[in-house]
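Some notes on the structure that comes next.
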Amino acid sequence: MTKKITMQDIADHVGVSKFAVSKALSGKSGIKPETRDKIVQAAAQLGYRFITKEEPAAEEQPKAAAFGETDHRQVIVLVPNVRYQTRHSYYWGRIIEGVQLELEERGIGMILVTEHIRSQFANMINPRGVMGIIGVGVVSYQILLEIRNLGIPFVLIDHEDPLIPSDVLSMNNFEWMRRITHYLVGMGHRNLQFVGNLRYSRSFYDRWFGYRSMTEEHGLGVNQHEGLLTIRGDNRSEMTE
C-alpha cells in the first residue's frame, strides 16, 4: 500500500517547519513566494493531495451573499486578469462569449467575477445558489482552495493546479506549437527564439516542448536565450517591454 504523504513529510523534504507547510498549502500569507513554490512543488512531487473538509451542517452553512442569493440556475465565471481577459481579447474574449452563449441556450445565468477581490471568495457566494464555477486562465491556489472547501463543482480553462485536481479544458498547445514552428522553418527562418515564463502555467510548458520537438526534427541547433524562458509579465505588452 502506498504511504500516505503528510505535511511533516513535505516539511522534512523542503527543510522547513510543518507550520510553514500548513500555511503554504492553506493559502495563508506570511510565507515567502519562493518558499511557497518549493513547498507546493514538493507536495506535488511526493503525491500529497488536498482533502476536502466535511460539508458543514445546515445551521453552519454560509449565509446568502452577493452571488447565488435567489437564482439557483447560475454559474460563476471566474476571470483572474480582468484588465486583459476581456470580450475585446481575440483569445479570451471568444472563450468568455462561448461560455455565455452556451449557458444562455440552456437557460442558465452567468455571473462574471474577477479574482481581484478584497474579501475571501467564500464569503461572497452562497454555495447552495450556484450550480458551478468556471475558471478562465490562471486562478490562484488560494481561490481554488476556497472553492474546493465549498464543495462547488468547478472546471478550469487553460489552467491546472497540481494540488487541487479538477476537470480541465485546454487547447492542444503541444501540437499547435509544432505546426507554428514547422511553418516558420518552412518560410526559411532558422534563428528562432521561444519567449515565455515556463513556470507560469502548464500551457507554456506544452508550447515549449512542441517548439523543441519540431526544431529537433528539422535539425536546428539549440541557441535559446535562457532569459527569455523566465521572462516576467502577465500579458503580451509587458513581455514585449
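The values are calculated or read from the model by the stated rules, or taken from the named source; none is laboratory data. Quick caveat: nothing in here was measured; it's all calculated off a predicted structure. Here the Cβ is made from the backbone with ideal geometry for all residues, glycine too, and neighbour counts use every protein chain on show.
Checking the conditions here, which among TYR84, TYR91, TYR141 is under 22 Å from ILE164 (Cβ atoms) and at pLDDT below 85?
Residue meeting the stated conditions: TYR141.
If PRO127 satisfies every condition in (1) closer than 21 Å to PRO165 by Cβ; (2) at pLDDT 85 or above but one, which is the exception?
(2)
Scan (1) over 20 Å from the mean Cα position of the chain (by Cα); (2) loosely packed, with under 14 Cβ neighbours inside 10 Å; (3) modelled with pLDDT of 85 or more for the single condition ASP167 breaks and write down its number.
Going through the list (1) over 20 Å from the mean Cα position of the chain (by Cα); (2) loosely packed, with under 14 Cβ neighbours inside 10 Å; (3) modelled with pLDDT of 85 or more, ASP167 breaks only (1).
Return the total of residues in the stretch 107-124 being among the hydrophobic types (A, V, I, L, M, F, W, C) and modelled with pLDDT of 80 or more.
Adding up the residues that qualify gives 3.
If GLU104 meets every condition in (1) surrounded by 12 or more Cβ atoms within 10 Å (Cβ to Cβ); (2) modelled with pLDDT of 75 or more; (3) among the acidic types (Asp, Glu) apart from one, which number is that one?
(1)
Determine if the stretch 147-168 includes at least one residue that is touching a strand residue (DSSP E or B) at 6+ places or on another chain (Cβ under 8 Å), under 21 Å from ASP37 (Cα atoms) and among the small types (Gly, Ala, Ser).
Yes, there is a match, as at least one residue in the stretch 147-168 is touching a strand residue (DSSP E or B) at 6+ places or on another chain (Cβ under 8 Å), under 21 Å from ASP37 (Cα atoms) and among the small types (Gly, Ala, Ser).
Out of (1) touching a His at 6+ places or on another chain (Cβ under 8 Å); (2) part of a loop (DSSP other than H, G, I, E, B), what's the single condition that is false for VAL168?
(2)
Just one of ASN149, ASN173 is closer than 29 Å to ALA42 by Cα and in contact (Cβ under 8 Å) with a residue 40 or more places away in the chain; which is it?
Being closer than 29 Å to ALA42 by Cα and in contact (Cβ under 8 Å) with a residue 40 or more places away in the chain holds for just one of ASN149, ASN173, which is ASN149.
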